[in-house]
């Protein structure tokens, strides 16, 4: 298969690149001072609005919600070119666009879609996901948050944890138990207004010094029955589709492209300007080999991303190749940090704001935050189980 741009794709890339360079500068300027995560989210949301207004923010989405027709390659080119040029990105934009919006598009009512998809796609609504609980992470179906029917409403009580940006989000998706049958049944998928009385959000402090995640407590929180997505007691079907889309968004979406494209470029630039005992790092055979391995891994992940996204954009459910990509992409990101750490040594300790900080502290931050990649969105162990069962055909353990 020829992965080079066709003449049509090359023309699209050229138009897109020109548009991005014309519109991106003020948003990059807002990022220059390394603002905290909440401000970066606001900048990323404003950039999504700019993309939407320019006709690039909802490619492949139905025109009724502000989208326009596009093929899978064109959609990925927007992600790739944006990453190359340093466009703003934030995890909660991936949450909003990568798996909350697709859940509403596939399972939501017309009223839910009309109310939420246009502002989501235009960057005017930020969403969070409330699935995991203290005792229900990888075994999500064991969750204990309850939603009790009360006329035209549900009353919710329980606790969620590791909800990305819940303290910054206006809306969220919630999985709760609505019955006492088998654990994969009697689960219901809800839309939740995060300003509803009875919701308490507590940010979780990370070792990066920021708080991108939160605990969410529900105490007699009333949610209208009209905010159920899909059927009552059939939320597991919606949740599985959402988790599959999450896997694709994390492994083949904007965030992965930012890490791959910008991270690799930064590593190459740093190797050229950093000197060790025998000269430039870029001329050291050992580090040249390590960097070459990183480049090969990035290319392999990119081609796998084409495969994953092509299937998704054709309306096919993400398959085990999404697990392959998430596993390899997460490990690749950690390996990139390890190479940078080996190059910098103790200089890595100079974090953001320090006079000696390399790349304004990006490597120090990455070395910390990248440890979470093989845990969030489905652990590496879960991905290996999926690959073993669905690709290799290995039997389940007794």
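Read-outs throughout are calculated quantities, based only on the coordinates presented, and are distinct from any laboratory measurement. Treat the numbers as computed from the prediction; the structure is a model and nothing was measured. Neighbour counts are summed over all protein chains in view; Cβ atoms, including those assigned to glycine, are modelled from backbone coordinates with ideal geometry.
Below 8 Å, C-alpha to C-alpha, sequence gap of six or more: please give me the relative contact order for the stretch 127-236 in percent. Don't jump to the answer; show the numbers that get you there.
Details: 279 pairs, mean separation 33.7, N = 110.
Normalised by residue count, the contact order of the stretch 127-236 is 31 percent.
Give me 76, 286 sorted ascending by neighbouring Cβ count inside 10 Å, so fewest comes first. Walk me through the intermediate numbers first.
On the way: 76 23, 286 9.
Arranged by neighbour count, lowest to highest, 76, 286 become 286, 76.
Using alpha-carbon pairs under 8 Å, 6+ residues apart, how would you state the relative contact order of the chain in percent? Working shown, then result.
Values: 653 pairs, mean separation 52.0, N = 398.
Rounded, it is 13 percent for the chain.
Let a ≥ b ≥ c be the square roots of the eigenvalues of the Cα gyration tensor of the chain; is it rounded (a/c under 1.5), or, if not, prolate (a/b larger than b/c) or oblate?
Working: a/c = 1.61, a/b = 1.49, b/c = 1.08.
It comes out prolate by the Cα gyration axes.
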| Those residues of the stretch 12-43 whose amide nitrogen sits under 18 Å from the label point placed on residue 85, 7 Å along Cα→Cβ | 12-32, 43
| field | Cβ-Cβ FRET estimate between residue 152 and residue 338, R0 fixed at 45 Å, reported to 0.05 | value | 0.25
| request: List 169, 17 from most exposed to least, where exposure is judged by having the fewest other Cβ atoms within 10 Å. | output: 17, 169
| task | Report the residue, chosen from 77, 250, 187, that carries the largest GNM mean-square fluctuation when the chain is represented by alpha-carbon nodes joined by springs under 10 Å. | result | 77
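Please order 28, 160 by the number of other Cβ within 10 Å, starting at the fewest.
Values: 28 14, 160 26.
Arranged by neighbour count, lowest to highest, 28, 160 become 28, 160.
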